[in-house]
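The values are calculated or read from the model by the stated rules, or taken from the named source; none is laboratory data. Fair warning: this is a prediction, and the values are worked out from it, not measured in the lab. Cβ placement follows ideal geometry from the backbone for every residue including glycine, while neighbour counts extend to all protein chains displayed. Note: areas computed on protein heavy atoms with side chains; ligands, DNA, RNA excluded. Shrake-Rupley method; radii C 1.70, N 1.55, O 1.52, S 1.80 Å.
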Amino acid sequence: MTKDRPAPPLPEPLDSLVDAHTHLDACGATDAASVAAILDRAQSVGVGRVVTVADDLEAARFAVDAAHWDSRVWAATAIHPTRANVLTDDVKVEIEKLSSDPRVVAVGETGLDYYWPGKLDGCASVPEQHDGFRWHIDLAKRLQKPLMIHNREADDDLLTVLRTEGAPEIVIFHCFSSGPEMARACIDAGYVLSLSGTVSFKNAHALREAAALIPDDQLLVETDAPFLTPHPFRGAPNEPYCLPYTARALAAIRDQDPHELAAKVTANAERVYALAVQA
């Protein structure tokens, strides 16, 4: 993402979508008014609800606040795997308290990231990530909330940890970016795969092949804003209002009508996050 590129124009509206994973704080939201401004833009093109996701303690506090400021916002709270080395007992206590909030619909994003260790100063080691991931799995099961997964270059180990620890009832692979083999393993395990703007990238051949395999009832769409802006705006700032671009690209890959796909993924988001029950 670069600030040198202008934000994408508003897309053609597409029904009533749910952005299954975004970061409102990283999009520039700081208070109720700025959250509402982002959601107003999104709602103008059919993106009526979002799940804003934490990757550290400050973001977790913000996500819960944002979900209370605006009824169109829900939250997911956790410590990102690259920051798992901050999971002291005190941090765990606060994350558990935040995750227990009724506006929090998932524990996440957590998981494994094998790309950044050795490249990013202060990045959690692989053993620290495994410990943090196991703790978040246990938390999701105790709270009976979905587990939202971050996975980067850790396919086999991530599936192994889920299998050995015992996965929660609902597992969501946020920004699924692997190929068809991993997709089949996740599908067979009953996991939900959430696709972002990366599926629209012309060089994402394995991911596009995987996207075509996902059953309708195991599919979500997300922006991961402000990152991963869909083609042809790659590199520009992303926001929840850009979700229809990804939904249309995904519908084309899957040979589906965009409106039918929108209806399916919205129903999935409502079911997975229990939005209808909690609204």
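Structure above, values below:
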item	result
Net charge of neighbours whose Cβ lies under 13 Å from the Cβ of Leu261, counting Lys and Arg as +1 and Asp and Glu as -1	-3
Sulfur and carbon atoms: percent of accessible area, the stretch 1-101 [1.4 Å]	49
Heavy atoms of Asp138: accessible area, 1.4 Å probe, square angstrom to 10	70
Apportionment of accessible area to carbon and sulfur, the stretch 134-223, percent (1.4 Å)	45
C-alpha center-to-center spacing [the stretch 145-214, the stretch 39-62] in angstrom	22
Length-normalised contact order for the stretch 1-136 - Cα pairs under 8 Å, 6+ apart - percent	20
Sites Lys119 and Lys97 - FRET efficiency at Förster radius 35 Å, r taken between beta-carbons, to 0.05	0.60
Contact order normalised by residue count of the chain, Cα under 8 Å, 6+ apart, percent	23
Net charge contributed by nearby residues that have their C-beta within less than 15 Å of Asp131 (K/R +1, D/E -1)	-3
Rh (Kirkwood; distinct C-alpha pairs) - the stretch 137-245, Å	14.5
Gain in span if fully extended, Glu209 to Glu153, counting 0.36 nm per residue against the direct Cα distance	18.4 nm
Listed residues Ala54, Ala183, Ala204, most fluctuating in the chain (Gaussian network, C-alpha, under 10 Å)	Ala204
For the chain, accessible area per residue (1.4 Å probe, heavy atoms of protein chains only), Å²	41
Two-decimal Rg/Rh across the chain, once Rg and the Kirkwood Rh are taken from alpha-carbon atoms	0.93
Residue-count net charge about Gln218 - beta-carbon cut-off 15 Å; Lys, Arg +1, Asp, Glu -1	-2
Segment His231-Asp4, length gained on full extension (0.36 nm per residue, minus Cα span)	80.1 nm
Relative contact order [Cα under 8 Å, 6+ residues apart], the stretch 91-139, whole percent	35
Cα-projected label distance for Ala37 with Asp90, points at 7 Å along beta-carbon direction, nm	3.4
